[in-house]
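The values are calculated or read from the model by the stated rules, or taken from the named source; none is laboratory data. From a predicted model like this one, the values you see are computed outputs, not experimental measurements.
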Amino acid sequence: MEDSDVERTDIQESNEGEDEELIEVCPVCGSPDLYYETGGIEGLYHCKYCGYIGGFVIDANKKMMGLIRDEYERKLRISE
């Protein structure tokens with residue numbers, strides 16, 4: 001096996017799991033239930049779950065989405 005073959009194998013092994021599906025989620029509550037409204041100079045995202053309106057969303061995998069949601073729900077419980 002040539003050195004270049006070893007390097008390609010190492011790269012392929014290190015990239016495994018990085019092809020995880022990323023979903024656009026709300027930065028406040030982690031919900032993927034967003035809609036994009038165009039108009040004006042730039043469009044805005046609206047979250048149907050928490051009411052967030054803004055130009056920023058997060059590309060997250062399912063684990064990160066769950067962590068954002070857990071933190072949002074924890075803050076809701078504290079504020080009640």
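Quick look at the numbers
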{"quantity": "Residue list for segment 46-78, restricted to those being among the aromatic types (Phe, Trp, Tyr) and either in a loop (DSSP other than H, G, I, E, B) or at pLDDT below 95 (or both)", "calculated": "49, 52, 56"}
{"quantity": "Scan of segment 39-80 for residues that are within 15 Å of residue 23 (Cα to Cα) and among the hydrophobic types (A, V, I, L, M, F, W, C), ordered by number", "calculated": "47, 56, 57, 58, 60, 64, 65, 67, 68"}
